[in-house]
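Below: the structure, in structure tokens.
The values are calculated or read from the model by the stated rules, or taken from the named source; none is laboratory data. From a predicted model like this one, the values you see are computed outputs, not experimental measurements. Counting neighbours? That spans all protein chains shown, and the Cβs are built from the backbone with ideal geometry, glycine included.
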Amino acid sequence: MVARSVLFASLVLAPACSLLVGTEDLAGGHVDGSVASSSGDGSSGGPSEDSRAADGPAADANDAEAGVAASPCTSTHAFCDDFEDGGVDLLSRWTSIDTDGGTMSITTERAVSPPRSVRTMLVPGPGNRDTKLVKTVAVVGGNARIDLDVFVERDDGGYTEVDPIEVVFRPGPAGYDHAALYVTLESSRTTLQYFLEKVDGGGYDEQRAAIPFAFGRWHHVTLTYTSEPPRVAVAIDGTTSVLDAVAGPPVTSLDVAIGAPYARDIGSTWRIDTDNVVVDTP
């Protein structure tokens, strides 16, 4: 993922946001938005924020904390992983894994649908380091919905940015390689970012919106994308924000990444737990 630090108006989009969240030890309302564009030079942190999504019921936060929610994987979905089989071979279900900045493994310490979730453990270190599970899913009809539960906690220590969720949509609108949504936790703000990377290394455009965020608790996150009309949205614990996206050809595939798809300048240990990852292509 490319870094971005320079912001200037470029996209005419209406921001609106909601929230995101969570994680634990791993291994094994209202939003102000601003439209901005940058020339990505690969030197600064990860994506920012921008779209929020979703319709449909969100898991009750209290139920999530108590670990009493039923697994969604008893129903048919384009993709679903509740991590309940206990298998250590995550690549039997996911497309790829990257552990540059830490480890990923199944844990029984915390889960929304018990007894298991997947844990990402980020260790201190400078620079940009990805630790993530990625699943590529074919999209039929240009529309997609991604649901998941996430819990984030960290030890005391400085950090520049950690993004616990990334969804990349392809093909991108004209002039862009792809569009993406990120939940972005920075030391000075928490945002949702709608990010569009230009073709041929030409930089990127982005839109951010502030989102409420709490460490040390489960959050249910729903991200939705429609190609016609072009729209992205996010719902966090039932609070929904919607944003017009850049028009383009119907999306035919997506990559959903969990854990820490982007992490930069981590000064302490982070634990990010993720449970009940569901992708539907209605």
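Below is a table of values for the structure above.
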quantity	calculated
Residues that are basic (Lys, Arg), part of a strand (DSSP E or B) and surrounded by fewer than 24 Cβ atoms within 10 Å (Cβ to Cβ), drawn from the stretch 198-226	LYS198
Test result for VAL251, within 19 Å of ALA78 (Cβ to Cβ) and not in a strand (DSSP E or B)	yes
Identity of the residue in the stretch 80-123, outside any loop (DSSP other than H, G, I, E, B) and among the charged types (D, E, K, R), that ends up surrounded by the fewest Cβ atoms within 10 Å (Cβ to Cβ)	ASP98
Residue under evaluation VAL167, criteria (1) more than 21 Å from LYS198 (Cα to Cα); (2) crowded, with 21+ Cβ neighbours inside 10 Å, criterion not met	(1)
Breaking point among (1) under 14 Å from the mean Cα position of the chain (by Cα); (2) closer than 17 Å to ASP130 by Cβ, for THR191	(2)
Cβ-Cβ under 7 Å pairs, at least 6 apart or on other chains, the stretch 93-118 side closer than 16 Å to THR269 by Cα, far side in a strand (DSSP E or B) and of a type in the set (Gly, Ala, Ser)	GLY101/GLY125; GLY101/ALA260; GLY101/ALA263; THR103/ALA27; MET104/ALA27; MET104/GLY259; SER105/ALA27
Count of residues meeting criterion [touching a Gly at 6+ places or on another chain (Cβ under 8 Å), at pLDDT 95 or above and within 28 Å of TYR176 (Cα to Cα)] in the stretch 266-282	1
Any chance GLY142 is on the phi > 0 side of the Ramachandran plot, surrounded by 17 or more Cβ atoms within 10 Å (Cβ to Cβ) and either touching a strand residue (DSSP E or B) at 6+ places or on another chain (Cβ under 7 Å) or acidic (Asp, Glu) (or both)	yes
The lone exception for GLU228 - which of (1) under 17 Å from ASP280 (Cα atoms); (2) under 16 Å from the mean Cα position of the chain (by Cα) it fails	(2)
Condition met for VAL242 (surrounded by fewer than 24 Cβ atoms within 10 Å (Cβ to Cβ), at pLDDT below 90, part of a strand (DSSP E or B) and of a type in the set (A, V, I, L, M, F, W, C))	yes
Number of positions in the stretch 67-125 that are modelled with pLDDT under 95, closer than 21 Å to THR136 by Cβ and over 20 Å from the mean Cα position of the chain (by Cα)	4
Lone qualifier among ILE106, ILE97 - being within 15 Å of PRO261 (Cβ to Cβ) and either among the hydroxyl-bearing types (Ser, Thr, Tyr) or touching a strand residue (DSSP E or B) at 6+ places or on another chain (Cβ under 7 Å) (or both)	ILE97
